[in-house]
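Written out below as structure tokens is the structure these notes cover.
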Amino acid sequence: PVIIDPVLGDDDSGFYVDPQLALHYRQQLAPLATGLTPNRFELGCLCDAPLESDAEIIDAARSLLGAQTQWVVVTSATHDETRHSMQVFCVTAKETFVTEHPRYDNPPKGTGDLFTAELTARLL
């Protein structure tokens, strides 16, 4: 399996890297992946679209699926201010699974990297 975490940036700080890297991820790397783990910001960059609604996020994730790519897990996909929670979407060609976890103010950077490492370890 090839798991790719397209580290591009996040909602609160924008790009960490040259924005043109998103095009390379989309065209060259994403098609090689078994699975991808972008956050919502990164998914929007890969698909060149602002993603606000759950349906837009799910459609964008599905647009990355292909012959090799079987799933996309979107971290920090949406948040519910009233419940103080964050949602994570696991999107396949036929299904979407949503998990929820507490939302923290000023979360540390790198939690998506840790998530991808833990997910990959579990899959292996």
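For this structure, a couple of remarks:
- The sole residue among A67, A117 that is at pLDDT below 95, part of a loop (DSSP other than H, G, I, E, B) and over 13 Å from the mean Cα position of the chain (by Cα) is A67.
Condition check ((1) without any contact (Cβ under 8 Å) to a residue 40 or more places away in the chain; (2) aliphatic (A, V, I, L, M); (3) under 16 Å from G110 (Cβ atoms); (4) open to solvent by 30 Å² or more (accessible area, probe 1.4 Å)) across all residues:
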{"site": "I4", "(1), (2), (3), (4)": "yes, yes, no, no"}
{"site": "L8", "(1), (2), (3), (4)": "yes, yes, yes, no"}
{"site": "G14", "(1), (2), (3), (4)": "yes, no, no, no"}
{"site": "P19", "(1), (2), (3), (4)": "yes, no, no, yes"}
{"site": "E42", "(1), (2), (3), (4)": "yes, no, yes, no"}
{"site": "C47", "(1), (2), (3), (4)": "yes, no, no, yes"}
{"site": "I58", "(1), (2), (3), (4)": "yes, yes, no, yes"}
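- Hits in the stretch 99-111 - residues which are surrounded by 11 or more Cβ atoms within 10 Å (Cβ to Cβ) and either within 18 Å of L64 (Cβ to Cβ) or of a type in the set (D, E) (or both): E100
- Residue satisfying all of: in the stretch 39-82; out of contact with any strand residue (DSSP E or B) (no Cβ under 6 Å at 6 or more places or on another chain) and among the small types (G, A, S); farthest from H101 (Cα to Cα) among these: A67
- For the stretch 28-54, filtering for residues that are closer than 10 Å to P6 by Cα and in a loop (DSSP other than H, G, I, E, B) leaves 2.
- Only residues that are surrounded by 11 or more Cβ atoms within 10 Å (Cβ to Cβ) and out of contact with any Lys or Arg (no Cβ under 7 Å at 6 or more places or on another chain) were counted across the stretch 84-98, and they come to 8.
- The condition of being of a type outside the set (K, R) and either under 18 Å from Y25 (Cβ atoms) or surrounded by 14 or more Cβ atoms within 10 Å (Cβ to Cβ) (or both) holds for only one of L64, L123, that being L64.
The values are calculated or read from the model by the stated rules, or taken from the named source; none is laboratory data. Keep in mind the model is a prediction, meaning the values are calculated, not measured. Counting neighbours? That spans all protein chains shown, and the Cβs are built from the backbone with ideal geometry, glycine included. Remember, those area values only see protein heavy atoms, side chains included, never the ligands or the DNA or RNA. Shrake-Rupley method; radii C 1.70, N 1.55, O 1.52, S 1.80 Å.
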